[in-house]
Amino acid sequence: MSNQVVKKKKAIKPYHRIKAHANPASDYHFYYPVSPDQHDWSKNYPDIIKADDEESKKKRVEIADVGCGYGGLTISLGTLFPETLCVGMELRDKVVQYVDERIVKLREKTPGSYQNISVIRTNGMKYLPNYFHKGQLQKIFFLFPDPHFKKANHKRRIISPTLLSEYAYILAPGALAYFISDVEELYLWMYEHFKNHPLFQQVERHVAESDPCVPLIINSSEEARKVNRIDGKKWYAVFRRIEDPATKDKSFVNYTLTSPKESTTTDASI
């Protein structure tokens, strides 16, 4: 075996020992800004935002991949939306280190590209309002979050009424929230919470099915590829942030999308 192959295996091996999820309730010690204006985004996007250029500082992140894992979706979003700043947010420090190194290598390999993506270590259940202004985001993603199967741990799930209100705060009216899981019980939990929240409405089926982000949430992340390798099933949905709860269409028939695709599933049959 060549030295090059040996070195490659040694470089990858440490990341294989990382737990699939971290406990969001634990007290981790890491930096987070007191308010969105206190974070220096020029460190994340040095070719786009300059610390000494006030005009460039007006450029803001509009897409957040919460619990980005190894960065598959974040990187794909950066390619799909080259003019939009995208950030991956992850709690596990070694995973953040891996994604950061991955982005650096992509930037070196293709100068001028991937300048619009970055990764931050943070707890998405606690600190999103510390990074984003009211109505700042156009898209937010929750891909294959920790199921926290035990009932006592359901409070640790990334979707809850309280957290949805926080997400609604940082999302612009009309912005979209995407979520997917290979655990049906968790999907239904997220689906019901989004459906019942006054500031979210599921998008029309044709809108979801034609959304270019949907193929990415199904296939681009490392977790999605794991599910693909075992021919697993995924459940997903797309919801829109609405401005006024009074405008929510109470007659709307909610539905579920799956991959692999199957016959239509509506609220009445769930």
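The values are calculated or read from the model by the stated rules, or taken from the named source; none is laboratory data. Everything numeric in this text was worked out from a predicted model, so none of it was measured. With ideal geometry, Cβ positions are generated from the backbone for all residues, glycine too; neighbour counts draw on all protein chains shown.
General remarks:
Listed here are the residues, each with its yes/no results for (1) touching a Pro at 6+ places or on another chain (Cβ under 8 Å); (2) small (Gly, Ala, Ser).
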residue: 92; (1), (2): no, no
residue: 104; (1), (2): no, no
residue: 107; (1), (2): no, no
residue: 127; (1), (2): no, no
residue: 145; (1), (2): no, no
residue: 152; (1), (2): no, yes
residue: 163; (1), (2): no, no
residue: 169; (1), (2): yes, no
residue: 177; (1), (2): no, yes
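- Subset tally (residues that are more than 17 Å from residue 128 (Cβ to Cβ), hydrophobic (A, V, I, L, M, F, W, C) and in contact with a Gly (Cβ under 7 Å, 6 or more places away or on another chain)) for region 71-102: 2
- When the residues of region 135-148 are filtered to those that are part of a loop (DSSP other than H, G, I, E, B) and not aromatic (Phe, Trp, Tyr), the one that is modelled with the lowest pLDDT is 148.
- For region 95-106, a residue qualifies if it is surrounded by 13 or more Cβ atoms within 10 Å (Cβ to Cβ) and either aliphatic (A, V, I, L, M) or in contact (Cβ under 8 Å) with a residue 12 or more places away in the chain (or both), and the qualifying residues are 95, 96, 98, 99, 100, 102, 103, 106.
- Residues considered: 251, 221. Of these, the only one that is among the polar types (S, T, N, Q), over 21 Å from residue 167 (Cα atoms) and under 21 Å from the mean Cα position of the chain (by Cα) is 221.
Conditions tested, residue by residue: (1) within 21 Å of residue 44 (Cβ to Cβ); (2) modelled with pLDDT of 95 or more.
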site	(1), (2)
114	yes, yes
127	yes, yes
132	yes, yes
150	no, no
154	no, no
178	no, yes
181	no, yes
185	no, yes
198	no, yes
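- Within region 145-167, one or more residues are touching a Ser or Thr at 6+ places or on another chain (Cβ under 8 Å) and closer than 15 Å to residue 124 by Cβ.
- Members of region 135-182 that are of a type in the set (Phe, Trp, Tyr) and surrounded by fewer than 18 Cβ atoms within 10 Å (Cβ to Cβ): 149, 169
- For beta carbons closer than 7 Å, sequence separation of 6+ or different chains, a first residue in region 245-257 that is within 22 Å of residue 187 (Cβ to Cβ) and a second that is surrounded by 13 or more Cβ atoms within 10 Å (Cβ to Cβ) and small (Gly, Ala, Ser), the qualifying pairs are 256/237; 257/208; 257/237.
- Extreme residue, surrounded by the most Cβ atoms within 10 Å (Cβ to Cβ), among residues of region 194-212 that are in contact (Cβ under 8 Å) with a residue 24 or more places away in the chain and farther than 15 Å from residue 242 by Cα: 208
- Which numbered condition residue 132 misses (of (1) surrounded by fewer than 19 Cβ atoms within 10 Å (Cβ to Cβ); (2) under 24 Å from residue 56 (Cβ atoms); (3) within 17 Å of the chain's Cα centre (by Cα)): (1)
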